[in-house]
Amino acid sequence: MAADKTNGNTGQRLVSNSCWSWFSEPRALHYSGAHDRTYFGYVTNAGAIMVGQYDHGANTLKTFTLGTFEPDDHNCPAIQVLNDGRLIIFYSRHSADNVLRYRISSSPEDIGTLGVERTLTTNGATTYAQIVYNDPVIVIFHRVQVGNSATQQRWSCQISKDNGATWGTEIPVFDYGSSEQLYIKTSWRSSVAGNNAADIILSGHPDMGSRHDVRYCYLRIGSASDITIRKPGAITLLDLNAPTGPISADKTAVVYDPSTNNGVKAWIWDVYATSASYIYCVYATFPSDTDHRYNYARYNPTTQQFDIKSEICAAGGYIGDGSQLHYSGGVSIAKRAGVQDVIHTSQYSTESNKFEIVDFSSSDGGHAWTAVPRTNNSSVDNIRPVTVVNGRLDFSMYWAAGTYINYVTPTMDALVGSDGSVAQTQITLIPSTTTPAVGQSVTFTATLRSGTTPLPSKSVTIYHYFNGVRYTDTTKTTNAAGQITLTQSFSSAAQRTYYATFAGDGPYASSTGSVVTINVR
């Protein structure tokens, strides 16, 4: 990636001619397996629905065209990595047909092997895709037009219990009723150990209907036979294995209520959890069309309500030509293990007369916020920040920079941002032998360095693949020489591939070593 020269910012240009909306999830994620790669989705102004793959070890970028339809940033794809490293990617058009499209890669971690387009038929014109995954269960949420009413839009789901091999029928999940165009955002609790839940926030469209509040519930995937929508208190709202009809608004938990806030409308942006009890979301409110505000709300486990709230900042007005008066610059929550209450925003600047990216953080649980500009004095707008799920420090988020007219005519580039000054790392894995006999012990030594300097007290994992399945062998803290060791023997003759990986931390970037092939004789 090359440094961007058009703006007063620290971003690096990722791809040109790219934009996205904010209701497909995950839009971007990082996965370290046999490779160390970040995957991201976008739409070009010619209507091409794209997925990108950035390889951090090789410093290479690959893109793949999923399909080409009308120019519309609503068509941004959703991306997930399955348990064996294969990618599954969903995408749809903007209420143009009743087809939910997807592709699955034939090889792990490689968009170049995405197979033929497959389809799921929906019970109405569909838009967006949001993937929730807990091996082997995939729940794919999508918005569906109800009957011939363009204004009544519910959310449904379809479920696979075998990693996408087969799918069940469509299940209506959320429905706010006539004239209500519903939106949801989902977020798997990726940084919570032993997790089996995804958080969900909901709201209507601020230009339509009367439901302009923010609501909350969560999806539990305990097993293939335990898939339920719940609200705080572990109260089941809908059993997706025995559905009884969609959930109405009043059944979910209240996050924001316009009736107690002078009638000011809201629209959701993002949600995240760092533990089963530390759940928070961000949303925009609109005192006027030219006065948008970004807000924070956190779940209080004592009261079982979202009553810890604050305003993060004033956002300015709408982006674009005024055809969508409630399109804010955008706000996204950082989604990386060890990071809490870090928010990326797009704010209008009265100095540059452009939208700029400003990061906010809170050290007191979301009561007070500290701002750090990421861009300034820009010559173009910087909007719609996207957080990479489990992102590396040197590729933690990105945003769109350029001219945004409306959702069918953006002319923008994607710029990558990093978190702080990040030192690159290298990790090597050396076995005592690569051709052991059955029963013979092999000692693996993983060494982590930054340049020529060993890195002690860092968490390093050694893992291997056997018959296409990944097995974690050990996770240890490096010694003074930056090393960990693993000794193993093998009960049968076969080939196995081993790797060592470092997930990264505050000052150091993540890295994965080259493959080590063990041929047991």
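Rule-based calculations on the coordinates, nothing more; no lab input. As the structure is a computational prediction, the values presented were derived from the model and not from experiment. Backbone-built Cβ (ideal geometry, glycine too); neighbour counts: all protein chains shown.
Sorting 371-384, 233-246 by their mean Cβ neighbour count within 10 Å, with the most densely packed peptide first, gives 371-384, 233-246. Peptides 189-198, 356-365 ranked from most to least packed by the mean count of surrounding Cβ atoms within 10 Å: 356-365, 189-198. Each Lys or Arg adds one and each Asp or Glu subtracts one; over the other residues with Cβ under 12 Å from the Cβ of Ser248, this totals +1. Toward the positive end of the charge dipole of the chain, with +1 on the Cβ of Lys and Arg and -1 on the Cβ of Asp and Glu, the farthest Cα among Thr244, Ile319, Ala198 is that of Ala198. Each residue in Met397, Met208 was given a count of other beta-carbon atoms within 10 angstrom of its own, and listing them fewest first yields Met208, Met397.
Label-to-label distance for Ser107 and Lys476 is 3.3 nm, based on points extended 7 Å past Cα in the beta-carbon direction. Note on the chain: dipole from Cβ charges, positive end direction compared against Thr302, Gly41, Val460; the farthest Cα belongs to Val460. Taking amide hydrogens as placed 1.01 Å from N in the peptide plane, the amide H of Asp36 sits under 5 Å from those of His56, Gly57, each at least 5 positions away in sequence or on another chain.
Positive-end ranking of Leu415, Pro77, Ile484 along the dipole of the chain, with charges on Cβ about the Cα centre, is headed by Ile484. Non-local lysine pairs in the chain, meaning eight or more places apart or on different chains, with alpha-carbon distances under 25 Å, amount to 22. Listed from fewest to most Cβ neighbours within 10 Å, the set Ser259, Ser105 follows the order Ser259, Ser105. Ranked by the mean number of other Cβ atoms within 10 Å of their residues, highest first, the peptides 45-51, 199-205, 111-117 fall in the order 199-205, 45-51, 111-117. Across the stretch 426-519, counting alpha-carbon atoms alone, Rg and Dmax equal 13.4, 42 Å. List the relative contact order of the stretch 2-417 as a percent without decimals, with contacts defined as Cα pairs under 8 Å and 6+ residues apart. Here the relative contact order equals 13 percent.
Among Lys354, Lys309, the ranking by other beta carbons within 10 Å of each residue's beta carbon, starting with the fewest, stands as Lys309, Lys354. Here the average projected area of the convex hull drawn through the C-alpha atoms of the stretch 280-395 stands at 8.1 nm². Between Thr517 and Asn195, the C-beta separation translates, for a Förster distance of 30 Å, into a calculated FRET efficiency of about 0.35. Using only the Cα atoms of the chain, each taken as one equal point scatterer with no solvent, compute I(q) by the Debye sum, divide by I(0), and report log10 of the ratio at q = 0.05 Å⁻¹. Rounded to two decimals, the profile gives -0.19.
What the phi angles of the stretch 269-283 give under the Karplus curve with 6.51, -1.76 and 1.60, with θ = phi - 60°, is a coupling list of 10, 7, 8, 7, 9, 9, 7, 5, 10, 10, 10, 9, 9, 10, 8 Hz, glycine and proline written as x.
Backbone amide hydrogens, once placed in the peptide plane, bring Ala494 within less than 5 Å of Val520, excluding anything fewer than 5 places away on its chain. Charge dipole of the stretch 121-239 (Cα centre as origin; +1 on each Lys and Arg Cβ, -1 on each Asp and Glu Cβ, all else neutral): 200 debye, rounded to the nearest 20. Each residue of the stretch 211-228 was assigned a 3J(HN,Hα) from its phi angle through the Karplus curve 6.51 cos²θ - 1.76 cosθ + 1.60 (θ = phi - 60°); the sequence is 8, 10, 8, 10, 10, 9, 7, 8, 9, 9, 10, x, 6, 5, 9, 10, 10, 9 Hz, with glycine and proline shown as x. Stretched out straight at 0.36 nm per residue, the stretch from Ser275 to Val438 would grow longer than its current Cα-Cα span by 54.3 nm. Each Lys and Arg contributes +1 and each Asp and Glu -1, all at the Cβ; summed about the Cα centre of the chain, the dipole is approximately 1180 debye. Couplings 3J(HN,Hα) of the stretch 347-362, computed from phi: 10, 6, 9, 6, 7, 8, 6, 9, 7, 10, 8, 10, 8, 10, 9, 10 Hz, in residue order, whole Hz [Karplus 6.51 cos²θ - 1.76 cosθ + 1.60, θ = phi - 60°; x for Gly and Pro].
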